[in-house]
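What follows is a set of notes on a single structure, which appears directly below.
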């Protein structure tokens with residue numbers, strides 16, 4: 001049976017008192033779609049109240065500072081990608097994976113005026129992007145898989161902010177100076193694509209995760225289960241009201257891009273298009289385990305971590321099956337989209 005949300009008037013809004021005395025400090029990354037829309041679903045609705053929790057939202061610009069905050073004990077639950085998750089687990093040994101958050105996209109792209117039509121055309125080319133990030137891992141795997149000699153590439157470091165300036169000032173060019181192709185992670189590549197500034201050659205997906213501190217898992221398991229219930233409901237609200245959540249995310253992040261670009265970025269994630277609560281997945285598949293394994297190997301090959309990790313092991317919380325903590329039709333029927341109401 002499909003789910004629908006009841007958008008009540010302000011006078012009808014009822015917030016249940018938190019069932020727990022302590023707030024949950026949620027670490028999230030302000031400029032990161034599609035994660036940002038999920039946080040907006042929590043912030044812009046009564047979902048936390050329905051789950052009986054109080055959330056304190058602690059935002060970061062990227063995964064490095066978020067990891068440092070987690071190691072310092074300044075966040076209880078964090079939303080992050082596979083590589084930062086592996087680094088945190090390997091170095092601190094005080095955090096575990098509790099749920100799948102989403103897939104997010106990384107791509108290899110060239111200027112719209114480039115003669116390059118496929119990855120094999122990049123043999124001996126100059127390629128640039130965020131070195132050490134998952135985008136590099138996936139780009140190099142895609143190129144190698146198509147027979148490109150990785151060792152023969154000229155490889156430069158260019159972060160996403162630098163890419164934005166370069167791409168937008170070179171509209172219609174055949175190259176970006178000496179750089180033939182870029183690789184990077186959404187939402188900026190999606191914005192480049194939507195604005196017809198680049199041609200996409202290949203795209204892959206990163207596994208992004210929900211992590212919790214051992215203290216949260218061992219001493220506050222009921223609160224953790226309540227959070228996961230709220231997170232599941234946040235996916236439901238986002239799937240039902242994408243325009244509202246996209247708008248809220250753009251307003252809060254300050255990113256200058258269209259909702260169409262955000263939809264391109266979100267297209268890699270099946271939960272975005274769920275029509276039923278049963279279609280929303282927080283659990284893991286064998287494909288997820290394989291993605292996580294490649295991220296761990298990438299980090300080990302570069303000496304960033306020295307501990308081999310498996311997705312299905314002690315690194316994953318031993319909470320009961322995630323199906324036992326998901327939201328219910330009764331709960332989602334009570335969700336109030338406060339942003340919609342207050343406009």
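Any read-out appearing in this document is the output of simple, stated calculations on the displayed coordinates, not a laboratory observation. As the structure is a prediction and not an experimental result, all values here were calculated from the model. Note that we place each Cβ from the backbone using ideal geometry, even for glycine, and neighbour counts take in every protein chain shown.
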- Task: Would you mind checking the tilt of helix 221-240 against the longest principal axis of the Cα atoms of the chain, expressed as 0 to 90 degrees and rounded to 10?
- Result: 70
- So how far, in whole Å, is the C-alpha centre of the stretch 280-298 from the one of the stretch 219-250? 21
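For the stretch 38-156, take N as its residue count and report Rg(C-alpha) divided by 2.2 N^0.38 Å.
That ratio works out to 1.42.
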- Note on the structure: Taking Cα atoms, the helix 286-301 axis meets the longest principal axis of the chain at an angle in degrees (rounded to 10) of 60
- Hull volume per residue for the stretch 160-280, using the convex hull of the C-alpha atoms, in Å³ is 143
- Query: So, by mean Cβ neighbours within 10 angstrom, what's the order for 252-262, 123-133, 281-291 with the highest one leading?
  - Reply: 123-133, 252-262, 281-291
- Task: Can you check how the C-alpha radius of gyration of the stretch 129-169 compares to 2.2 N^0.38 Å, as a plain ratio?
- Result: 1.28
- Query: Based on the Cβ-Cβ distance from residue 156 to residue 115, what FRET efficiency comes out when R0 is 22 Å, to the nearest 0.05?
  - Reply: 0.60
- Message: For the pair residue 243/residue 258, report the inter-label distance in nm, with labels modelled 7 Å from Cα in the Cβ direction.
- Response: 1.5
- Note on the structure: Here the relative contact order (percent) of the stretch 105-205, from C-alpha pairs under 8 Å and at least 6 apart, is 51
- Equivalent ellipsoid semi-axes - Cα gyration tensor, the chain, angstrom: 35, 24, 16
- Item | Relative contact order of the chain, pairs being alpha-carbon contacts under 8 Å that are 6 or more residues apart, as % | 29
- Please work out the ratio of the alpha-carbon Rg of the stretch 105-205 to 2.2 N^0.38 Å and round it to two decimals. 0.93
- Message: Angle check, please: helix 82-92 long axis (alpha carbons) against the longest principal axis of the chain (alpha carbons), in degrees 0 to 90, nearest 10.
- Response: 70
